[in-house]
Structures are given as structure tokens and as C-alpha cells.
1. Label points 7 Å out from Cα along the Cβ direction at His47 and Trp222: separation in nm?
2. Compute, for Tyr40, the solvent-accessible surface of its heavy atoms (probe 1.4 Å) with the complete set of protein chains present, and express it in square angstrom to the nearest 10.
3. Could you tell me which of rounded, prolate or oblate describes segment 13-106, using a ≥ b ≥ c as the square roots of the eigenvalues of the alpha-carbon gyration tensor, with rounded for a/c under 1.5 and, failing that, prolate when a/b is larger than b/c and oblate otherwise?
4. For the chain, which cysteines have no disulfide-compatible partner, meaning no other cysteine Cβ under 4.7 Å?
5. On full extension of the chain, what length is gained from Arg93 through His286, given 0.36 nm per residue of separation minus the C-alpha to C-alpha distance?
6. Roughly how many percent of the accessible protein surface of the chain is carbon and sulfur, given a 1.4 Å probe and a whole-percent answer?
7. Tell me the label-point distance for the pair Ala199, Glu317, using the 7 Å Cα-to-Cβ offset, in nm and rounded to one decimal.
8. Below 8 Å, C-alpha to C-alpha, sequence gap of six or more: please give me the relative contact order for the chain in percent.
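The values are calculated or read from the model by the stated rules, or taken from the named source; none is laboratory data. If you're wondering where the values come from, they're calculated on a predicted model, not measured in any experiment. With ideal geometry, Cβ positions are generated from the backbone for all residues, glycine too; neighbour counts draw on all protein chains shown. Surface accessibility is based on the protein's heavy atoms, side chains included, excluding ligands, DNA and RNA. Shrake-Rupley method; radii C 1.70, N 1.55, O 1.52, S 1.80 Å.
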Amino acid sequence: MSTRPASPQYVFGPVPSRRLGRSLGVDTVPAKTCNWNCVYCQLGRTHPLTNTRKTHVPAEVILAEVEARLAQLPPASLDWITLVSSGEGTLYRDFGAVLHGIKRLTAIPVAVITNGSLLHLPELREELRAADAVLPTLDAGNEALFRRLNRPHRQLTFAQHVAGIEAFARLKRRGKLWIEVMLVAGLNDTEPALRELAALLVHIRPDAIHLTLPSRCPVEPWVRAPDAAGLARAQAILGEKASIAPPPVAKHATGTKAGEPLIASVALRHPLRMADVERLLPSWSHARIEAHVAQLLVHGTIRVIERGGERFFVRSELRYPGPRPDSD
Ligand code: SF4
């Protein structure tokens, strides 16, 4: 029996990435499988949180999709292959098999975007040594702020999270270690919060620190990006390794999917403004796009969420709190 599915479920793009140029995405978990419930998550609230690594699909199925997509794309069209999930990808038990399988398929560098919560597991650290870059999240410098910002599964502690990142940082022959810090106004952009974070980062010694901002449909309506003073403070305190990642732009995804399936597929991973949809489908007229979006809304595949005065199309199964009465 062939392990190749009829249409890709686990591979998407290439899409432009904030930090990785043109990136082919590989998603290893069903939306939204996560052990954190971050206030800034663009994929809605995690429900229920899970901290159990599972194999919900054979690694061969994911690898067959990667191989098929690579065969369609000129090698020069990709800068990275990125294991980035609509949730926490390392909750997939066969993550190492997928990562090593991709390394066997291609010389294109492979990055792993992860919340880093499972780096306390020696077996995962060993698996991730094969990656050319690992980008774990560290938003907070203490347990209380970690709980407020990342709202982790009850089995996870801040001390365990930091120890996992530190242990991975000390491994020999690992790829780049780029720490991701999502800055949220009033939470981790204050001077005391940034100084605590800086003290940990000095100890971890990452290759770079990527400061990111909640620019796209954060799950909690009150979440805001820091103002200019907050950004300047973060850069000054976190030091020269820290840089602000530019906001993502959804461009033409050069996918095999067209129209509705493409919009539905991308909306599962990135909330989309209407302008983003137009960039995804550059050869389509505005009227044609509006008609297809209307159809997806009527079918209930996507719905509209408002954040910061902007309207975003999100997949209907993702859970966002008000202000809309039809949301959770
Ligand atoms: S931002 Fe990432 S780690 Fe946080 S809840 Fe969303 S998917 Fe999970």
C-alpha cells in the first residue's frame, strides 16, 4: 500500500518566513496540539492541553509528502525546510525520524521552531542535534511570568524549561541556537522582566536572539506589542545578539493547491487579512477572491476574528474568546 496521501496535509508552502527566507513548512501535529496556551498564540486557545508525545501518523507519510513536494520545486526556490507546527511539533513522538529522514532527502538546511518545553528530555535533545537551527521560545525570566504568558501544562515548570534549553545549548555539534522572545506590552517588556531574561540568556549563550511581536491576531484580545520605548529597552537590555524579526508577509505560496483549499490550508497556520489572501492568489481578481472567501465563510471552513481593529480569517476549529458572540 502506498504511504503517499492524495493531497498534502503535513507540508505547506514555500512561504516567506520572518527569519528563514523562503521556507517549506512541515507540520507534525494536528491543529492545535500543544502543551502551552500562550496569551499571544495566533492559533487560538489550546483545548485541551496535552503533554504526551504521540504518533498519530507514520513518519513515512510525512516524509513521502516532503519528498513529493521537493520533487516539484527547483532547489534554488528554498532557503530552509522548517519543522513548524500548528501547535508544538515535538509532541509528535517520531519527530526525530522525520527530521533525520528530511536530512537524508536533501541538503537544504532544516530548522526546528519549537516552544522548547520538551528539551528537558535527553532523547529529544539528541534528535534535535541533526537540525541546522533550533529556535526555542524563552519569553519569561521567572516562573510567575512564565505561567502568565505561556500558561503551560500543569506538568511543566519554568525551571525544567530553562534547564532543557541550557542542556541543549551545551551539546556539541549542534546547529545554530536562536532563542525566540515574543514581547508583550506590560508583561515582559518592563525593565525588571527584561533584566531577569537577560541574566538567563547570558548563561545560555545562544547564537542569536529573535525578538518577535504579536502582530497577527493574538488569541487574547488585550495582548499588545510594546511601544517604541519598550522595543528600545528590550534591545538595550538583551544586548547585541538581539534583533527584531520583521513581521511576516503572506505572499504567493507557489503551492499545488488553488483557491479555497489554499486559503483554508494557510488559515490553519496563519490568520489571514484580506490583503494576505490577495497576495496568496496574485492572479485572481478581487471579486473572485471575495466570492471564494464568502463561500468558505458560508461553509463554516473559516470565520472572522477581530483584533486591534483588524479583521482576520481563521479556521473555524480554532478557539478564540470574544468579542464576537459566536466565539468561545
Ligand atoms: S504560541 Fe506556540 S507554544 Fe504557544 S500556545 Fe501557540 S502553538 Fe503553543
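1. Label-label distance for His47 and Trp222, simple model: 1.9 nm.
2. Tyr40 has an accessible surface of roughly 30 Å² with all protein chains in place.
3. oblate
4. Cys34, Cys217
5. 65.2 nm
6. C and S fraction of accessible area: 55 percent.
7. Using points 7 Å along Cα→Cβ, the separation is 4.3 nm.
8. 18
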